[in-house]
Amino acid sequence: MNSIEIRELTKDYGATRAVDHLTFTVRPGLVTGFLGPNGAGKSTTMRLLLGLDRATSGTATIGGRRFVDSPAPLRQVGALLDAQAAHGGRTARNHLRILAATNRIPVARVEEVLERTGMAPAAKRRIKTFSLGMRQRLGIAAALLGDPGVLLLDEPTNGLDPEGIIWIRRLMRELAAEGRTVLVSSHLMSETAALADHLIVMGKGKLLADSPLEGFIDARSTPRVRLRTSDPSRMRAMLAREGFEMATADQGHWTVEGIRAERLGTMAASEGIPVLELADERTSLEQAYLDLTADHARHSAIR
């Protein structure tokens, strides 16, 4: 199994507790979004998982063992934590060849990941000439080099153009569909909503949520529908009898709080009231996230 297991993980830096008795599991076959305000402890958790920092207490394992004990690290885990880390004087191809050699990975694999990430045309260029988006693609190529069962990606869409963002969404879903464990840290709610199946949310070092994406949003959404009808008077009267209020929206639309579209549509049909448009509205991931984390940001703007 390639599950990531975090159990009672704690990390102190002097008097500051960056990670506080954190426990969660990241499972294969899903894209898991890793969210939290600045200072929440996400980056520290990923560093602890990769053995780049030592935990004060608790455990962080991948497939039942610590990453530092893996005999072939790049074959087990591919990570992108800092796209700027690659040596600027090397070419993209040589950077990957060095990584391959140190992990006993066939050199042919370098060409495969260059092609898969769209970096083959730039393989002979020095990394210092790359844009941020190109460095991101190279970092993803390095993460894929060992064909690992686990991917840890920190802000993978940073610097990518719209085409690149669509590509990374597709890639993450393909990797998860292949049975890999994919953990993606991001501050972009729109991107997380577009690619994640599951969410882990942290705040001030603690676990705030561990939930499927849809369940996370639904738990923080008040049922509401948006509708358009050619007979608003009858619609309003019918809803009032059932304890609902129809409020003006815009461009001939109305909203009704506390009801789902399926129920309202059934009610209107039974009364013979024409419905021209009818749709559920719900809270966005961004709003649900902000509502949850409002009191858990270490650093916030002064109002």
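The values are calculated or read from the model by the stated rules, or taken from the named source; none is laboratory data. The structure displayed is predicted, hence computed values, not measured ones. Every residue, glycine as well, gets a Cβ built from its backbone with ideal geometry; the counts of neighbours run over all protein chains shown.
Checking 214, 155 one by one, the residue that is closer than 30 Å to residue 268 by Cα and within 15 Å of the chain's Cα centre (by Cα) is 214 and no other.
Scanning the range 123-143 turns up no residue that is farther than 21 Å from residue 33 by Cα, surrounded by 15 or more Cβ atoms within 10 Å (Cβ to Cβ) and among the polar types (S, T, N, Q).
Among the residues in the range 82-90, are any of a type in the set (S, T, N, Q) and more than 20 Å from residue 140 (Cα to Cα)? Working first, answer last.
Going residue by residue through the range 82-90, those that are of a type in the set (S, T, N, Q) are 84.
This time we only want the ones that are more than 20 Å from residue 140 (Cα to Cα), so: none.
The answer is no; no qualifying residue exists.
Screening the range 170-191 for residues that are part of a strand (DSSP E or B) and not hydroxyl-bearing (Ser, Thr, Tyr) and picking the one that is nearest to the chain's Cα centre (by Cα) gives 184.
Kindly indicate whether residue 214 is touching a Ser or Thr at 6+ places or on another chain (Cβ under 8 Å) and assigned to a helix (DSSP H, G or I). For residue 214, the condition - touching a Ser or Thr at 6+ places or on another chain (Cβ under 8 Å) and assigned to a helix (DSSP H, G or I) - is not met. Here 113, 150, 107 are screened, and the one residue that is in contact with a Gly (Cβ under 8 Å, 6 or more places away or on another chain) and either without any contact (Cβ under 8 Å) to a residue 40 or more places away in the chain or of a type outside the set (Ser, Thr, Tyr) (or both) is 150. When residue 105 is tested against (1) surrounded by 15 or more Cβ atoms within 10 Å (Cβ to Cβ); (2) within 21 Å of the chain's Cα centre (by Cα); (3) of a type in the set (A, V, I, L, M, F, W, C), only condition (2) is not met.
For every residue, the table says whether it meets (1) at pLDDT 95 or above; (2) of a type in the set (Ser, Thr, Tyr); (3) out of contact with any Asp or Glu (no Cβ under 9 Å at 6 or more places or on another chain); (4) in a strand (DSSP E or B).
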site: 193; (1), (2), (3), (4): no, no, no, no
site: 201; (1), (2), (3), (4): yes, no, no, yes
site: 209; (1), (2), (3), (4): yes, no, yes, yes
site: 218; (1), (2), (3), (4): no, no, yes, no
site: 251; (1), (2), (3), (4): no, no, yes, no
site: 268; (1), (2), (3), (4): yes, no, yes, no
site: 290; (1), (2), (3), (4): no, no, yes, no
site: 297; (1), (2), (3), (4): no, no, yes, no
